Amino acid sequence: MKKLPQDVVIFMLLKLPLKSLLRFKSISKIWYTFILSDTFFKLHLKRTTTTKDEFILFIRTLREDDPYKFTSIASFLSGDDKNNLTTLFPDVDVTHLTSSCCTIFNELIGPCHGLITLTDSYIIIVLNPGTRKYFVIPPSPFECPKGYYRYIEAVAFGFDSIVNDYKIIKLSDVYWDPPTDDRGPRGSRVEIYNLSIDSWREHNIEFSSIYFTHCSEIYYKEAVHWFTIQDDLVILCFDISSEIFRTMEIPSVCTDLNGPRYGLAVLDDSLVLMSYPDSMCSIGHTENLLNIWMMKEYGESESWIKIRAVSPLPIPIESALVIWKDHLLLLQTQTGYLISYDLNSDEVKEYNLNGHHESLRAIKYTECLTTIPTLSEHSKQVQQL
């Protein structure tokens, strides 16, 4: 390293896979310090990557012999030119996700600088899939007042570039809990966890109730996006740095709540909206059609354009998961299996991967050196999968 110009060394290291970089830390103290330096981390984060560098982090929930007991499995999958999937690492049983009452609400959030979040709304885990390091977020200390109960609407994760910190955001509805069937008036609560200081705080700000659809949450442009209803269906955004909610309109033909489901994804570094048939809808005229819309100018509702219509759908689907390698649409079928639809060739592949009803989640991921920030001495420690 001393004999080569530093810029040459950096160029060579940036071309290496993460597994090699982690091994090279053991060569010497100089290599260890350099690879873990803030300067190299920022260069590694901004390095040029292609879709060939992406793999899929895939979560599925399986029911065991006990009908009230479930297990969540994380799979790390790569793909070849023929859209075949291969396993990069052994599957991981995410034992921390223990809730048996809301498996369809299990979420896979991110990635954000190489970190992702797994949650069943009650337990929240921050993970770097590349290094296999993870941290279980401590529970929020804030309780509901006596006579009220809380319903968790959503959990989000992102990076605040102003304070240089990662945040967990938990959105909840708070209801009066009288001894009747009436839930009483709705209030809202926003709780924010700062990872670097290992601390929760309450944020006094109102938000519209989340309109839940599967795989409808996306982290993009340092903001988290969901759906909500304000007269019509709109996208609800929460800016991680400003901690302010805002909304964006969707195409006017996509506001029908009596037939299709809606999902969000990123394609060609642009926000896209997907609409597809609701498998639970009993309305006979629901079209067997999946539409993909792209927002050409982020934040400009007039810039939505339809870029693709898939009709008829080759297999009845439960949910649209993610667009991978800019052309491979991953879907969960109504029978619980993972399939891919090639937007270029119309080829359909069914994989031998399945999960409990509505439980599949997937994100595209590029390996990154990001470390989970050092936590306080009294907190739980970062662990290894």
Practice prompt. Along Cα→Cβ, 7 Å out, is where each label goes; now give me the distance between the ones at Leu16 and Ser311 in nm to one decimal.
Written response: 5.3 nm
Item to complete: Within the stretch 245-262, find all residues whose amide N lies under 19 Å from a label point positioned 7 Å from the Cα of Ser188 along Cα-to-beta-carbon.
Response: 245-250
Discussion item. Run the numbers for Asn84 and Tyr298: contour at 0.36 nm per residue of separation, minus the present Cα-Cα distance, in nm.
Written reply: 73.7 nm
Worksheet item: Can you pull the percent of the chain's accessible area that's carbon plus sulfur, 1.4 Å probe, other chains left in place?
Response: 51 percent
Discussion item. Modelling each spin label as a point 7 Å along the Cα-to-Cβ direction, I'd like the Ser209/Tyr148 distance in nm, to one decimal.
Written reply: 1.6 nm
Worksheet entry | Extension gain from Asn164 to Gln383, taking 0.36 nm per residue of separation minus the Cα-Cα distance | 76.6 nm
Worksheet item: In nm, to one decimal, how far is the modelled label at Trp200 from the one at Lys46, with both set 7 Å along Cα→Cβ?
Response: 3.7 nm
Worksheet item: Highest GNM mean-square fluctuation, the chain, Cα pairs closer than 10 Å: which of Leu118, Leu330, Leu353?
Response: Leu353
Item to complete: Could you compute the FRET efficiency for Asp268 and Glu350, with r as their C-beta to C-beta distance and R0 at 25 Å, rounded to 0.05?
Response: 0.40
Worksheet, complete the sentence: Non-local residues with an amide H under 5 Å from the amide H of Leu271, with H modelled 1.01 Å from N and Pro and chain starts lacking one, are Met295
Response to the item:
Rounded to 0.05, the calculated FRET efficiency for the beta carbons of Lys29 and His113 at R₀ = 35 Å is 0.85
Response to the item:
Expected unfolding gain across Arg63-Gln230 under the 0.36 nm per residue rule, minus the alpha-carbon gap, is 56.4 nm
Worksheet item: Can you tell me the accessible area per residue over the chain, all protein chains present, probe 1.4 angstrom, in square angstrom?
Response: 49 Å²
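The values are calculated or read from the model by the stated rules, or taken from the named source; none is laboratory data. Everything numeric here is computed off the predicted structure, so don't read it as measured data. Cβ sites come from the backbone with ideal geometry, for glycine too, and all protein chains shown count toward neighbours. For accessibility, only protein heavy atoms count, side chains too; no ligands or nucleic acids. Shrake-Rupley method; radii C 1.70, N 1.55, O 1.52, S 1.80 Å.
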